[in-house]
């Protein structure tokens, strides 16, 4: 398979030209310059502390419950404006922000960079000048940054940080900085609030230790950077002592510094490749740097067709970014920017947005053969189940619930400072949606318990208590459809109604998963019998967002919440699929980056590969040339644009392409259901189908050549495989491969 490299002439001149490295915890943006310029991040460097959510609360649980009752009554009676007012009054403040550690300059000499590159399969960054060469990686094995520069001069270290430097000291082999994070950083969309509030002597916040050590290795200098913090983990009620972080940083730096460079490099590459080499799209990259390739391909008018390796490149890049940002249990999941952020007050706090973006980050984990990378997501779900109990209680329900913003402290409340539109600030369905990842983990063949059954039961218990009688029958009120609005009879723009289609789809999905639960199964079955079917939301205009037809305030809205049953859900009937196609047509193609990726996945589910071509073209455009608020594209380092940069587009692209090549949600394994024209010929290896079948596929001119199927342990047996209208029954053994070709298929007769 092709091993791809992102190549550039010259050093980066801005952050969105620098190239990302990471080991799941430590992130680096390498500018490829001499002196070396490394932007540093660490996943647990957030403002606030374990008590941040309580400090933000605006109303008591009792008062919030009273406001919720009034909002519910108003929604049921059709007084949307009154419902919105009550929901605003119940809002909390805001979740906390993910922050940069700072920038480290390693000065081993100065000269212009002639070439820099990021090898995706090895997770190695290299930079070359006329006489100097540097290599950088972030080791998951040794848990440190490793930088080697060929220079006869001893390196000088300079460090700058937006965090407060509490102490800077010289060590035996380098330097140490001890930093402190703010107690509060509001999101930029709350400009009336101070950009940052720093803790006083009675308040504890995350402390960060940056330990930089170096040694000579012949003509080279080896620099090791360890970053440790006082963050104790998701759900922990206190922070660790900074001395503990100092000890960990010093030990890791010393251990790595004592190891031969070749051993550090080899261990890093082997650990990365164990994940990266599991899957891949074949292709042949033309000569040239990334800017040269993109400029030439974009000038053709059909970017993907002009450079057929761009789609495989972005497929590999998205997998690389997920490996680099979400690596092991006990860690934090990838946030809105993965783990890479240079802004001390980042857009949307670079936090966890749970009404699409966090979920999209992990859609490809199962299909692209990286299932264990979702473990940090499961840890966040477990933490939200604890903090979300108070949220459920404030809504008059048992169990747990979470709204659409969260952070390293498992924030679960409705945000908005008492002023925000409920269209995004009120949405207590985050927990129920996140649990779909748990169900999918099992569906793809895992037998392990990634969250406690009590977590699933608690989320379902909340939904059962939240359901209420509405004029249209059993449903939800107040209800929003993230993040959309409609026009009421007076022409006013409204965000609150009853039983949005997304509420309905997620409720039916989660309750169906607990019908056999001894404690709540009977209630779940009874509720499912009374809840409307998803197909009841079909009209001549497509799928409606609420329990009745409203005039859409924005017919081209980026969110596709009402089509959840199509993707990521799997409850879409043929009639719903036809209606969803109508709705997708009404929304149009152009949108923000993650929305383009979601549309790719949806059109793939509809087996419409022809509709992917326009979406891919839009995804590959230059984001810097787009002035519109909701227009996606790519930045120079191939980060996806919301705009601004949001990594969910990169991750969602992988999921969308995977759905185009392989599907298994209909109870059969379907090969090449939605090939776009830019992928007429190719091969893919290592994709995963339910119930745990690894699939390789080769095709030419859109026709299947062969497929190889192998079962994960315990998942062997006979599976039904579809290619177009043809069907094959294939016996897949755990111990070996099953090879099928077009000759093995029969036309379906039923």
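The values are calculated or read from the model by the stated rules, or taken from the named source; none is laboratory data. Please read all numbers here as calculations on a predicted model, not as lab measurements. Cβ sites come from the backbone with ideal geometry, for glycine too, and all protein chains shown count toward neighbours.
Overview of results
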item: Verdict on residue 255 being over 27 Å from residue 333 (Cβ atoms), more than 31 Å from the chain's Cα centre (by Cα) and surrounded by fewer than 17 Cβ atoms within 10 Å (Cβ to Cβ); result: yes
item: Residue among 612, 606 that alone is surrounded by fewer than 24 Cβ atoms within 10 Å (Cβ to Cβ) and either assigned by TED's automatic domain parsing to the domain that holds residue 17 or more than 24 Å from residue 14 (Cα to Cα) (or both); result: 606
item: Sole exception among (1) free of Cβ contacts under 8 Å to residues at least 60 places away in the same chain; (2) buried (at least 24 other Cβ atoms within 10 Å of the Cβ); (3) farther than 24 Å from residue 54 by Cβ for residue 391, by number; result: (3)
item: Criterion violated by residue 365 - all others in (1) under 14 Å from the mean Cα position of the chain (by Cα); (2) assigned by TED's automatic domain parsing to the domain that holds residue 449; (3) assigned to a loop (DSSP other than H, G, I, E, B) satisfied; result: (3)
item: Residue check for residue 104: touching a residue at least 24 places away in the same chain (Cβ under 8 Å), crowded, with 18+ Cβ neighbours inside 10 Å and under 30 Å from residue 278 (Cα atoms); result: no
item: Number of positions in region 291-326 that are crowded, with 22+ Cβ neighbours inside 10 Å and either in a loop (DSSP other than H, G, I, E, B) or without any contact (Cβ under 8 Å) to a residue 40 or more places away in the chain (or both); result: 2
item: Extreme residue, surrounded by the most Cβ atoms within 10 Å (Cβ to Cβ), among residues of region 156-182 that are over 37 Å from the mean Cα position of the chain (by Cα) and outside any strand (DSSP E or B); result: 173
item: Which listed residue, of 433, 409, is assigned by TED's automatic domain parsing to the domain that holds residue 511 and closer than 30 Å to residue 204 by Cα; result: 409
item: Residue list for region 462-510, restricted to those being in a strand (DSSP E or B) and either touching a helix residue (DSSP H, G or I) at 6+ places or on another chain (Cβ under 7 Å) or closer than 17 Å to residue 524 by Cβ (or both); result: 468, 470, 473, 474, 475, 479, 494, 497
item: Exclusive hit being outside any helix (DSSP H, G or I) and without any contact (Cβ under 8 Å) to a residue 40 or more places away in the chain, set 581, 589; result: 589
item: Condition check for residue 278: in contact (Cβ under 8 Å) with a residue 12 or more places away in the chain and either more than 24 Å from the chain's Cα centre (by Cα) or in a helix (DSSP H, G or I) (or both); result: no
item: Residue check, residue 185 within 30 Å of residue 377 (Cβ to Cβ), crowded, with 21+ Cβ neighbours inside 10 Å and in contact (Cβ under 8 Å) with a residue 40 or more places away in the chain; result: yes
item: Hits in region 701-731 - residues which are part of a loop (DSSP other than H, G, I, E, B) and closer than 16 Å to residue 681 by Cβ; result: 701, 702
item: Test set (1) part of a loop (DSSP other than H, G, I, E, B); (2) in the same structural domain as residue 424 (by TED's automatic domain parsing) - residue 377 fails condition number; result: (1)
item: Members of region 198-256 that are in a loop (DSSP other than H, G, I, E, B), touching a helix residue (DSSP H, G or I) at 6+ places or on another chain (Cβ under 8 Å) and at pLDDT below 95; result: 235
item: Members of region 592-631 found to be part of a loop (DSSP other than H, G, I, E, B) and either at pLDDT 95 or above or closer than 17 Å to residue 317 by Cα (or both), listed by number; result: 592, 606, 607, 608, 620, 621
item: Residue pairs meeting the criteria (Cβ under 7 Å; at least 6 apart or on separate chains; first without any contact (Cβ under 8 Å) to a residue 24 or more places away in the chain, in region 29-42; second assigned to a loop (DSSP other than H, G, I, E, B)); result: 31/11; 31/12; 31/18
item: Positions within region 511-526 being under 15 Å from residue 454 (Cβ atoms), surrounded by 14 or more Cβ atoms within 10 Å (Cβ to Cβ) and touching a helix residue (DSSP H, G or I) at 6+ places or on another chain (Cβ under 7 Å), in sequence order; result: 513, 514, 517, 520
item: Options 737, 696: the member that is at pLDDT below 95 and out of contact with any helix residue (DSSP H, G or I) (no Cβ under 8 Å at 6 or more places or on another chain); result: 737
item: Meets criteria (surrounded by fewer than 18 Cβ atoms within 10 Å (Cβ to Cβ), outside any helix (DSSP H, G or I), touching a residue at least 12 places away in the same chain (Cβ under 8 Å) and more than 19 Å from the chain's Cα centre (by Cα)) for residue 286; result: yes
item: Residue check for residue 125: under 30 Å from residue 190 (Cβ atoms) and either in a loop (DSSP other than H, G, I, E, B) or touching a residue at least 60 places away in the same chain (Cβ under 8 Å) (or both); result: no
item: Some residue of region 542-551 being buried (at least 23 other Cβ atoms within 10 Å of the Cβ), assigned to a helix (DSSP H, G or I) and either at negative phi or touching a residue at least 12 places away in the same chain (Cβ under 8 Å) (or both); result: no
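Results for (1) assigned to a loop (DSSP other than H, G, I, E, B); (2) at positive phi; (3) touching a strand residue (DSSP E or B) at 6+ places or on another chain (Cβ under 8 Å), shown as yes or no for each residue.
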{"position": "68", "(1), (2), (3)": "no, no, no"}
{"position": "71", "(1), (2), (3)": "no, no, no"}
{"position": "78", "(1), (2), (3)": "yes, yes, no"}
{"position": "87", "(1), (2), (3)": "no, no, no"}
{"position": "94", "(1), (2), (3)": "yes, no, yes"}
{"position": "100", "(1), (2), (3)": "yes, no, yes"}
{"position": "103", "(1), (2), (3)": "no, no, yes"}
{"position": "110", "(1), (2), (3)": "yes, no, no"}
